[in-house]
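The values are calculated or read from the model by the stated rules, or taken from the named source; none is laboratory data. Since the model is a prediction, treat every value here as computed from it, not as a measurement. In this analysis, Cβ positions are derived from the backbone assuming ideal geometry, glycine residues included, and neighbour counts consider all displayed protein chains. Quick note on the areas: whole protein, heavy atoms, side chains included, nothing else; ligands and nucleic acids left out. Shrake-Rupley method; radii C 1.70, N 1.55, O 1.52, S 1.80 Å.
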Amino acid sequence: KAGVTQTPRYLIKTRGQQVTLSCSPISGHRSVSWYQQTPGQGLQFLFEYFSETQRNKGNFPGRFSGRQFSNSRSEMNVSTLELGDSALYLCASSSTPSDRVTGNTIYFGEGSWLTVV
Amino acid sequence: ILNVEQSPQSLHVQEGDSTNFTCSFPSSNFYALHWYRWETAKSPEALFVMTLNGDEKKKGRISATLNTKEGYSYLYIKGSQPEDSATYLCAFYSGGGADGLTFGKGTHLIIQP
């Protein structure tokens, strides 16, 4: 089956602009989580969506937002970009949030590399 | 704030040797511990999900053990091959707080032919 698709793969934005990243999960999966990786840091949890509802959000400012559509595709948006937002943004796809403990595989996309200049 | 530590940060191993590395996590509110293998320019690939104290999982030459009481997991690779070169991530799930996985910074493994 097709994997997790993230677009765009690479982009460069200017400080103060906003950006939208997209994630298409594996067909049939309804849970999408987003993670950020900055240089020297581990993956940081941004938020999770399940059945079009945000279940929870990590410790990020309100400039970071997201949504999920009825087909389970998810977008995340970062407004008023700062240099520190330069990072790899990864999307994770699973059937349900409980896959974190059931042992069902959670699949990751290849990520979107965002550079803010 | 949950703290997940992985050691060593990087590791060079001769082809054919066996190796292991560690993931340390909080011993309270444990729900699950995940291991991922992440090759450069690819997506992280799930290796194991471990939920019970004493769990041992195996996939080919790779195996993992779990001690939830003391808060650590070991990943073992037997007879390392060049294709094992990757960053190995562990991720802890506590079921509360931000409700996402808390990742370590990874162990970068390089297998030298």
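Some notes on this structure:
- Placed amide H near A:Asn56: partners under 5 Å, 5+ positions off or other chain: A:Glu48
- Part-to-part distance (alpha-carbon centres) for the range A:75-117 and the range B:36-88, which is given in Å: 21 Å
- Rounded to the nearest 500, the helix-only mean residue ellipticity at 222 nm of chain A stands at -500 deg cm²/dmol, with each DSSP H run of n ≥ 4 adding -39,500 (n - 2.57).
- Taking label points 7 Å from Cα along the Cα-to-Cβ direction, B:Ser18 and B:Lys69 give a separation of 2.4 nm.
- Accessible-area order (highest first, 1.4 angstrom probe) of the listed residues B:Glu39, B:Glu56, B:Glu15: B:Glu56, B:Glu15, B:Glu39
- Here the spin labels are modelled as points 7 Å beyond Cα on the Cα-Cβ line, and at A:Ser22 and B:Glu56 they lie 4.8 nm apart.
- Here the 3J(HN,Hα) profile of the range B:44-59, calculated from phi with Karplus coefficients 6.51, -1.76 and 1.60 at θ = phi - 60°, is x, 10, 5, 9, 9, 10, 10, 10, 10, 4, x, 3, 10, 10, 9, 9 Hz, Gly and Pro shown as x.
- Förster-model FRET efficiency, 30 Å R0, B:Ser7 and A:Arg15, C-beta, rounded to 0.05: 0.25
- Scalar couplings 3J(HN,Hα) for the range A:16-29, obtained by applying the Karplus form with A = 6.51, B = -1.76, C = 1.60 to θ = phi - 60°, are x, 6, 10, 9, 10, 10, 10, 9, 9, x, 5, 3, x, 7 Hz; x denotes Gly and Pro.
- Taking all Cα-Cα distances within the range A:13-117, those exceeding 24 Å account for 19%.
- Area accessible to solvent at B:His108, 1.4 Å probe radius, in Å²: 80 Å²
- Ranked from largest, the principal axis spans of the Cα set of the range B:1-89 equal 37, 25, 20 Å.
- Rounded to whole Hz, the Karplus (6.51, -1.76, 1.60) HN-Hα couplings of the range A:111-117, x for glycine and proline: x, 10, 8, 10, 10, 10, 10
- Pairs over the 22 Å Cα-Cα cut-off, from the set B:Lys58/B:Lys78; A:Lys13/B:Lys105; A:Lys57/B:Lys42: A:Lys13/B:Lys105; A:Lys57/B:Lys42.
- Placing B:Arg37, A:Arg55 in order of accessible area, with the largest value first and a 1.4 Å probe, yields A:Arg55, B:Arg37.
- The gain in end-to-end length when the A:Glu52 to A:Thr115 segment is fully stretched comes to 19.9 nm, 0.36 nm per residue minus the alpha carbon separation.
- Relative pair counts by distance (%), Cα atoms of the protein assembly as shown, 5 Å bins: 1, 7, 14, 18, 19, 17, 12, 7, 3, 1, 0
- Sequence of A:Leu21, B:Leu52 from largest to smallest accessible area, 1.4 Å probe: B:Leu52, A:Leu21
- Length-normalised contact order for chain A - Cα pairs under 8 Å, 6+ apart - percent: 36 percent
- Scattering from the range A:61-117 was approximated by placing one identical point on each alpha carbon and applying the Debye formula without solvent; log10 I(q)/I(0) at 0.19, 0.20, 0.29 1/Å stands at -0.84, -0.89, -1.20.
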